[in-house]
Amino acid sequence: MIYLVLLGHRSPELGSASLTFTGSQTMQEVLRAAVAQISPQWTGRLSHMFDLHVDDCELQFRGKKLFKEQSHLFLSIQKFYDTYAKGADRAYFLTTTKEATRLTKGTFMCLEVFVNENKYLTRTSVDNEDSDGFLSLPLRSSKSQAGGARGGKRMTSERPSKKPRVLQSEFLESELSILSTPPMADIDIRFTKTTCVVYKRTKFPKITEHVEIIQGKISSKEVVLAAADRGRSKELFTLSINDEIFAAKKFIKHGLTSPPYNALLFELACVACMLLASFVQDFFEEIRSSGAEVEVFTVTDAFIIRYENETDPTVDQTYLVEPMRSSTATTKFTGTLTNREAIGKREAGIMAFAHWVLQNTAGKFLFVDLQGTITEHDGDGILMLFDPMSHSYTQTSCAGDHGPKGIYAFLGSHICTTVCKAMKLISLPELRTILQRNVDDHAYEDQIAQEHGLAVDEYPGDREQLQREGFLQPPTIENT
């Protein structure tokens, strides 16, 4: 065995590590392993938006000492070691460290990974504008090769394209219209379950109330969270089903006392999670085809439970249930009406996702309040999103939907990232034009519907009826 002490480039953020190899492996394999070791720090602590590649880096001996020949990178580790160990300058190249002396028996070589930032920036940088009027945020440029203090330019203006594009979307907006009781004592409960599935093509939700009676146990007290992680709209309880622990959420009282309204509030929250999960799946399918680099994230599962209060049957006991996450520490990426500049790979992916959803739905729908926690997934940590909100051009997607105002707020504060550029997303000025067209079309449809006594917003089928009877012109945004 040969033990190699690999030091990240002289930067505490990149850290150092000891990796083990056999003598038959090549120095090229050592470089690949070293790059894989430091790349998460490069995109995490140093806030770059793209992973390091092997071509961006090279191995050196400790103290900025270059290999005698570049071809030595392709030698086996054993042959590489022998080349330098048998030379008169052995002590110059094969230095040791305190870390090496603490390792188990073996042969040690102390190496450093040099990050050639010029190569990295050449590979990953994008222009601020292209021929289509697209604007994106340049990569941050570091002052040191190790990725030290960085400065970067920021977009200051937007240039709309000469001819607005027509977006095509099969997105069919659901128009569900809009629980709050004191916590129950510890009790075994018998409840029914309500689930939601989202059609992949139209993204229209299907809500199913199951008749099967399930047994479980709900906690008597609210779970106490840190102030920074506690939401303003829901209380958290634990639910046990067949020895599996879930998080059961109850809405804090909003002045609604009617059980039907309470039930619809939960349905909207459940639909939002399932809709977000469906869009995330489609997003990563497109990411794979575009070649963009995005840190993987996922979305929590969700369903609804209902049970009767035996003491007072008129009290509606309804909870939104999610798998219990391994951490309650929450990172918020976007607000209801605000965005922030992406400062790393994870944030760049989330911001591009929001932009992509608005484009994918032809300017009709936008996710906001994107937040998540790092949770365990297949033995590794992964960002899991939960509790999203949304804005739609009809202002009917959820209780906190701000309608076109909310979408305009996003368009006014979103800063396109390199992921937006890699995916060739439509420019923000074009999206504004498309949104206004949607708003105008919807107002016209409502006017015609009222004249003919049809409630378009209450039942999507009415709009189709209006079109069949010739009362509405074909929509300006085509559906495939």
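The values are calculated or read from the model by the stated rules, or taken from the named source; none is laboratory data. Here the structure is a predicted model, which means the values were calculated and not measured. Heads up, the Cβs are rebuilt from the backbone with ideal geometry, glycines too, and the neighbour counts pull from every protein chain shown. Side chains included, ligands, DNA and RNA excluded: accessible areas come from the protein's heavy atoms. Shrake-Rupley method; radii C 1.70, N 1.55, O 1.52, S 1.80 Å.
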Mind checking which residues of the stretch 233-271 are at pLDDT below 70 and either open to solvent by 50 Å² or more (accessible area, probe 1.4 Å) or touching a His at 6+ places or on another chain (Cβ under 7 Å) (or both)?
Lys253, His254, Gly255, Leu256, Thr257, Pro259, Pro260, Tyr261
Scan the stretch 135-158 and give yes if some residue there is open to solvent by less than 50 Å² (accessible area, probe 1.4 Å) and at pLDDT 50 or above, otherwise no.
no
When the residues of the stretch 302-317 are narrowed to those that are open to solvent by less than 40 Å² (accessible area, probe 1.4 Å) and at pLDDT 90 or above, which ends up nearest to Gln371 (Cα to Cα)?
Ala302
If the requirement is being touching a strand residue (DSSP E or B) at 6+ places or on another chain (Cβ under 6 Å), under 21 Å from Phe93 (Cβ atoms) and outside any helix (DSSP H, G or I), which of these qualifies: Gly23, Gly63?
Gly23
Considering the stretch 341-359 alone, what residues qualify as being farther than 19 Å from Gln281 by Cα and surrounded by 22 or more Cβ atoms within 10 Å (Cβ to Cβ)?
Ala342
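Which is surrounded by fewer than 17 Cβ atoms within 10 Å (Cβ to Cβ), modelled with pLDDT of 80 or more and either assigned to a strand (DSSP E or B) or among the β-branched types (Val, Ile, Thr) (or both), of Thr334, Thr338? Let's see the steps before the verdict.
On the way: Thr334 fails: surrounded by fewer than 17 Cβ atoms within 10 Å (Cβ to Cβ).
Exactly one residue qualifies, and that residue is Thr338.
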With of a type in the set (Gly, Ala, Ser), in contact with a helix residue (DSSP H, G or I) (Cβ under 8 Å, 6 or more places away or on another chain) and surrounded by 22 or more Cβ atoms within 10 Å (Cβ to Cβ) as the only criterion, which of Ala329, Ala362 stands out?
Ala362
Tell me which residues, restricted to the stretch 390-439, are open to solvent by less than 30 Å² (accessible area, probe 1.4 Å) and small (Gly, Ala, Ser).
Ser390, Ser392, Ser397, Gly400, Gly403, Gly406, Ala409, Ser427
Of everything in the stretch 26-52, what is part of a helix (DSSP H, G or I) and in contact with a strand residue (DSSP E or B) (Cβ under 8 Å, 6 or more places away or on another chain)? Give them in sequence order.
Met27, Glu29, Val30, Leu31, Ala33, Ala34, Val35, Gln37, Ile38, Trp42
Out of (1) modelled with pLDDT of 85 or more; (2) out of contact with any helix residue (DSSP H, G or I) (no Cβ under 8 Å at 6 or more places or on another chain), what's the single condition that is false for Arg230?
(1)
Based on this model, can you work out whether Leu66 counts as at pLDDT 85 or above and surrounded by 15 or more Cβ atoms within 10 Å (Cβ to Cβ)?
no
Residue satisfying all of: in the stretch 368-385; among the hydrophobic types (A, V, I, L, M, F, W, C) and open to solvent by 20 Å² or more (accessible area, probe 1.4 Å); modelled with the lowest pLDDT among these
Ile374
For the stretch 340-363, does any single residue satisfy the condition of being farther than 21 Å from Cys196 by Cα, in contact with a strand residue (DSSP E or B) (Cβ under 7 Å, 6 or more places away or on another chain) and of a type in the set (S, T, N, Q)?
no
Among (1) on the phi < 0 side of the Ramachandran plot; (2) part of a loop (DSSP other than H, G, I, E, B), which single condition is Gly363 missing?
(1)
For the stretch 1-20, give me each residue that is of a type in the set (A, V, I, L, M), surrounded by 16 or more Cβ atoms within 10 Å (Cβ to Cβ) and either at pLDDT 85 or above or part of a loop (DSSP other than H, G, I, E, B) (or both).
Leu14
